[in-house]
1. Given the conditions (1) surrounded by fewer than 18 Cβ atoms within 10 Å (Cβ to Cβ); (2) over 25 Å from B:THR59 (Cβ atoms); (3) hydrophobic (A, V, I, L, M, F, W, C), and given that B:PHE253 satisfies all but one, which numbered condition is not satisfied?
2. When only residues in the range A:1-47 that are in a helix (DSSP H, G or I) and of a type in the set (Val, Ile, Thr) count, which is surrounded by the most Cβ atoms within 10 Å (Cβ to Cβ)?
3. Looking at B:LEU80, B:LEU96, B:LEU84, which is the one that is touching a residue at least 60 places away in the same chain (Cβ under 8 Å) and under 18 Å from B:ALA127 (Cα atoms)?
4. Working only within the range A:227-248, note down all residues that are of a type outside the set (D, E, K, R) and open to solvent by 40 Å² or more (accessible area, probe 1.4 Å).
5. Take the residues in the range B:201-238 that are part of a loop (DSSP other than H, G, I, E, B) and of a type in the set (A, V, I, L, M); name whichever of them is farthest from B:PHE253 (Cα to Cα).
6. Report, by residue number, each residue of the range B:137-152 that is surrounded by 16 or more Cβ atoms within 10 Å (Cβ to Cβ) and assigned to a loop (DSSP other than H, G, I, E, B).
7. For the structure I just gave you, tell me whether B:GLU258 is surrounded by fewer than 19 Cβ atoms within 10 Å (Cβ to Cβ) and assigned to a helix (DSSP H, G or I).
8. Filter the range B:44-73 down to the residues that are more than 22 Å from B:ILE142 (Cα to Cα) and open to solvent by less than 60 Å² (accessible area, probe 1.4 Å), then identify the one that is farthest from the other protein chains (Cβ to nearest Cβ).
Amino acid sequence: MSSLAELERAATALCMGGEPTAAQLAELGDAKIWALYREMIQQRLRGELKVALRRSCDALGDAALGRVFEAWLRDAPPRSRPFHGIVEDFARFAAGVVRADTALPAWTADLIAYESALWAVGDMDDRASDGVVDLSFDAPPCFTPARRLIALAHAVHELPLPDGSYKKADVALCVYRRPDDKAARSFVLNPTMHALLAALDAGELTLTQAVQRVAKERKLRVDQAFIDGLCTVLADFSERGLLLGSKG
Amino acid sequence: MTAVEGIGIGLRYAMAEATLGRDVPGLKWLEVHPENYVARGGRFRHILERAAEKFPFATHGLTLGFGAAEPAEASYMRALRDFLHGLGVPWHSEHLCFSGSAGVMVHDLLPLPFTHEAVRTAAARIAEARDQLELPIAVENISYYATLGAQQEMSEQDFLLEVLERADCKLLLDVNNVFVNSRNHRFDPRAYLDRIPAQRVAQIHVAGHHVRPDQLIIDTHGEAVRDEVFELLDYALQRVGPVPVLLERDQGFPEFDEIVAEVARLDAIYQRACHRKERKERAA
């Protein structure tokens, strides 16, 4: 008799796998019912993806979506404990697979990444874990946790072109949620601000240190115009509820 | 915070505005699925905070699966404990099932083999949960459409009773699941309820179900509660007394008036159980 762990492993593999063999089904017991469990589970997962990634699923079409979905369950099945987290599990896998598939439009992977970021940020906890104090250039800034930076090769955040595709363009987006909003939104970052936010995300740099690092990397002069521009952007971030102050 | 008693419904985003915006006669508490709220913000936290101003909560997990061969990750258990204590819940319930293996989550409630090994495992998981969550634990009997594995060492009910005994825990008695299983596996649901130790029942679930063309019944939580399930609830409350009853509705959300009517019908059954208890106490 199989152990509990073996049975659970076999049932999970069957539910996540492709069309099961008769032997697989027989190992678990009632073949018809275990096939039904598999069908119900996969339908539910696919249904959630179609709600969360509606545009991406439409763009892929049923056949390609079916292929990617099957590959996902086979090669990198969902590990997220909350059900809503399966969307990001899928998107991480699907973006890579779709990008490598030359039969699919090149912008599809970007659309998946963009929609997935909107979905995730839409319900992220926006409470800062550190204490927040007034903004200082000599302390690490504190941003809302409900945000994500994404770099895309197509402008999938804009309306599609007349043929339904998206303009090819390197674009960096900040996807975030305002404190009182129910859904995420995004705005375009210029390359300097993208680099600055990426540097701040990567380590506990003060605002001054991050500016100096980015200016050096990008060979920029930190002059009056730069400082004025930076202050305008920081004021904008603050107004959006993105920049909360400095970490206390 | 008032106690969890009487009739509750699940706090579902799709029904939240109506649930919190109306005065629903008989509605006394709400049930929360922690997986939908732990480490989540925005509209979900907002709804939870609004609900907490009006109702006490009980929590009901979806993914721990007390029959899992592998224990849940410690980080999740810590986050869950903090969440539950933040809500001030009197107990936490989960299903007697498994929901994946080796970190893979199927997001469904799969039946355990009815074996002694599975009893020992479930009892251990329940004890771990009680220790880690620092709360009383109630385990729910699930709907099952097939058994797992070629050989079973006991019936589903013996399995449940042995887990309750060995884990010394409470039961979240899902009356709809008893009904669904009784039809799918052909047994008398009242005889099943007769064997449930009344003192272990902490809470009851009722829900709607779907009858497929091949007559297999699926526990969908997506339809109105059938008359037979209301009747079975009445029977169950006659035996166990007035324990909190939850109306489960997770999909196929109707006009809210239909939910209000179901709550009223459940409350009438619950009130009868309260009166019976009062009479009994007076007589004693």
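1. Result: B:PHE253 passes all but (2).
2. Just the residues of the range A:1-47 that are in a helix (DSSP H, G or I), to begin with: A:4-16, A:22-28, A:31-47.
Applying the additional criterion that residues be of a type in the set (Val, Ile, Thr) yields A:12, A:33, A:41.
On the way: A:THR12: 22, A:ILE33: 18, A:ILE41: 20.
Within the range A:1-47, the match that is surrounded by the most Cβ atoms within 10 Å (Cβ to Cβ) is A:THR12.
3. Being touching a residue at least 60 places away in the same chain (Cβ under 8 Å) and under 18 Å from B:ALA127 (Cα atoms) holds for just one of B:LEU80, B:LEU96, B:LEU84, which is B:LEU96.
4. Let us first name the residues in the range A:227-248 that are of a type outside the set (D, E, K, R), namely A:227, A:229-235, A:237-238, A:241-246, A:248.
If the condition is that a residue be of a type outside the set (D, E, K, R) and open to solvent by 40 Å² or more (accessible area, probe 1.4 Å), then A:ILE227, A:CYS231, A:THR232, A:ALA235, A:SER238, A:LEU244, A:GLY248 are the ones that fit.
5. At the first step, the residues of the range B:201-238 found to be part of a loop (DSSP other than H, G, I, E, B) are B:208-209, B:212-216, B:219-226.
Next cut, of a type in the set (A, V, I, L, M) only: B:216, B:224-225.
Working: B:LEU216: 22, B:ALA224: 10, B:VAL225: 13 Å.
Top of the filtered list is B:LEU216.
6. First pass over the range B:137-152, keeping only residues surrounded by 16 or more Cβ atoms within 10 Å (Cβ to Cβ): B:137-149, B:152.
Passing the criteria: B:ASN141, B:ILE142, B:SER143, B:TYR144, B:TYR145, B:ALA146, B:THR147, B:GLY149, B:GLN152.
7. Numbers: surrounded by fewer than 19 Cβ atoms within 10 Å (Cβ to Cβ): yes; assigned to a helix (DSSP H, G or I): yes.
So B:GLU258 fits the description; yes.
8. Our first condition is that a residue be more than 22 Å from B:ILE142 (Cα to Cα); within the range B:44-73, this holds for B:44-56, B:73.
If we keep only those that are open to solvent by less than 60 Å² (accessible area, probe 1.4 Å) as well, we get B:44-45, B:47-48, B:51-52, B:55-56.
Details: B:PHE44: 6, B:ARG45: 7, B:ILE47: 10, B:LEU48: 12, B:ALA51: 16, B:ALA52: 16, B:PHE55: 22, B:PRO56: 23 Å.
Selected residue: B:PRO56.
The values are calculated or read from the model by the stated rules, or taken from the named source; none is laboratory data. These numbers were taken from a predicted model, which means no experiment stands behind them. As a convention, Cβ positions derive from the backbone with ideal geometry for all residues, glycine included, and neighbour counts pool all protein chains shown. With ligands, DNA and RNA removed, areas are computed over all heavy atoms of the protein, side chains included. Shrake-Rupley method; radii C 1.70, N 1.55, O 1.52, S 1.80 Å.
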